[in-house]
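Computed from the coordinates by the stated procedures, all read-outs in this text should not be read as laboratory data. Keep in mind that this is a model prediction, so the values were computed, not measured. Here the Cβ positions follow ideal geometry from the backbone for every residue, glycine too, while neighbour counts run over all protein chains shown.
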There are 2 protein chains.
Amino acid sequence: MHMIKLHFMNQRLDHIFSALADPTRRQILMMLLEDDMAVTDVAEPFEMSLAAISKHLGVLCVAGLITQERRGRVKWCKLEPDATQSAWTWMQGFGQFETLDLDGLETYIETILKDN
Amino acid sequence: MHMIKLHFMNQRLDHIFSALADPTRRQILMMLLEDDMAVTDVAEPFEMSLAAISKHLGVLCVAGLITQERRGRVKWCKLEPDATQSAWTWMQGFGQFETLDLDGLETYIETILKDN
DNA sequence: CAGACATTCAACCATTTGGTTGACCATTTA
DNA sequence: TAAATGGTCAACCAAATGGTTGAATGTCTG
């Protein structure tokens, strides 16, 4: 039972990390950070075929990093940032907490304190 | 100049994420979390050849996630957790900061405050 | 020195990956 | 209805990946 869960989790991590391992796909994610986009628009800044981008989007979908919803003839791509949770958690478990970007942490804490 | 740096960074992320994309390699990293190990000992729990493990260790080395130091006939493998910094930072930039384990963050901050 | 041990190298193999192209399907618009 | 648009599919290709085996290299030990 736990074995199954672990296996599942492992596959999930496989998908997420290998999706993140490609610069094109990372760039796509960054683009989607600003807004949802149609497949053609995602493809526009890249110097490769639409089909190639379509495949990349498929990989991101399988990893759960994005979702796609078809409305009419255009397919909208939407970021699913929560999907990185597993990867994030794994990296924490890898003992990385103390190497967290301390500058970023500092400003973050300051923002919190200001709000109180 | 910035382009070069970005390219460099991008390659680094490629290496790190694709190193993390393999379950065997992730398991190796977890093992090394406990202590430094010789190549043979790393290989022991796995059902694959020593040569295969040797290759995996090579990948982890290139990604900078571990270092290897030869002493006599044995080569010691040592974790380099700081290497995940880039990946960690990238994921932060990907907008994940709010999903960070806030409990862990809290205890972390408390530890800092105690020390002052 | 001879043998055992730790590790890598080299050649090979099957599978996956990242890309191409051209045909195809569905939807919108003139 | 005809043409344009948005996107995928299928077949193909080159290169990378993850594994194997057997030989080779360097180091310790009896």
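Got a sec? How would B:I53, B:I66 order by Cβ neighbour count within 10 Å, fewest to most?
Exposure proxy ranking, most exposed first: B:I53, B:I66.
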Exercise for review: Would you grab the residues whose amide H sits under 5 Å from the one on A:D36? Only those 5+ places off in sequence or on another chain, please, with H modelled 1.01 Å from N.
Suggested key: none
Study note, to complete from the structure: Neighbour-count ranking for A:E47, B:E44 (other C-beta within 10 angstrom, fewest to most) reads A:E47, B:E44
Study note, to complete from the structure: Least to most buried among A:D22, A:D35, by other C-beta atoms within 10 Å and fewest first, runs A:D35, A:D22
